[in-house]
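Working notes, structure below.
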Amino acid sequence: MSMRVGAFMGSVAARGKCHCGEPSRCPQTALRQKAGELCHPALSRREARKHACGSPLEAAPMLRFLFLAVLGTTATVAHAQTAETSRCAVWQRELSFAASVERHDEKAFAEHIESDAVFAANTARPQRGRAAIVKQWKSLLEGKSVRVRWYPAWVVQAGDPSVVLSSGPALLENLAPNANPRYTLIAFSTVWHRGSDGVWRVMFDGGDEGRAATAQDVANFETGRRAQCSPDLVSLATLDREPAAQH
């Protein structure tokens, strides 16, 4: 991108340096020169050229406009690229966070969380601080009686490039032999913050109360997971609040 902008600005500068006596370098000057000869028949060809050619000061506003336009476009593209980079970094970080629970890795789980994070942030009894959160998640981390899996479906960057929102479906499985319901579908939202060390960690986490998941819901959850970040994010068909038909 920088090479293209440089080439464009170079061509603008070259056009700005053309002279009236060099119509081959300035086609527009040749036309103005001809017009000058027609409008001022008493003038010599040299004087007509002088009348036809604008001063450098006349061209300056247009050059400034083009320069600012190029700068504005470059800044917009750079911001979009930065947003996409952050968004995809959080996408992968969310998957890594979920994988730490599936591996029953308490240490890795804790490393994804800010020291002063708040979980169950949209409830009357939130967990505050990394230690309290890890304690609350003990049974989920052990995975003996209940199993939880999740993945991002939408990841959106805020105006602050160090804050990103990730949301998607989570599937809670009750491992008791006669569990009813066996599966519960939850919609979660997580706010990620990039620290001064460049690492993304969870600042806030919350979700809805969930609902009993049907066999179709579970199938949709399994097929909806995407390992790679892409602009065409998977839709949350699994989070349709209308209960699907039992199979």
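The values are calculated or read from the model by the stated rules, or taken from the named source; none is laboratory data. Not measured: the values here are computed from a predicted model. Note: ideal-geometry Cβ built from the backbone for every residue, glycine included; neighbour counts use all protein chains shown. To get the accessible areas, we keep the full protein, side chains included, count just its heavy atoms, and leave off ligands, DNA and RNA. Shrake-Rupley method; radii C 1.70, N 1.55, O 1.52, S 1.80 Å.
Points worth noting:
- Scope the stretch 180-200; condition under 20 Å from Phe221 (Cα atoms) and surrounded by 13 or more Cβ atoms within 10 Å (Cβ to Cβ); matching residues: Pro181, Arg182, Tyr183, Thr184, Leu185, Ile186, Ala187, Phe188, Ser189, Thr190
- Residue in the stretch 134-146 that is in contact with a Gly (Cβ under 9 Å, 6 or more places away or on another chain) and within 18 Å of Phe204 (Cβ to Cβ) present: no
- Unmet criterion (only one of (1) over 18 Å from Gly224 (Cβ atoms); (2) open to solvent by 40 Å² or more (accessible area, probe 1.4 Å); (3) aromatic (Phe, Trp, Tyr)) for Trp154: (1)
- Matching residues, the stretch 97-131, being under 22 Å from Gly198 (Cβ atoms), small (Gly, Ala, Ser) and loosely packed, with under 13 Cβ neighbours inside 10 Å: Ser115
- Positions within the stretch 209-247 being surrounded by 15 or more Cβ atoms within 10 Å (Cβ to Cβ), modelled with pLDDT of 50 or more and not hydrophobic (A, V, I, L, M, F, W, C), in sequence order: Gly210, Arg211, Thr214, Gln216, Asp217, Asn220, Gly224, Arg225, Arg226
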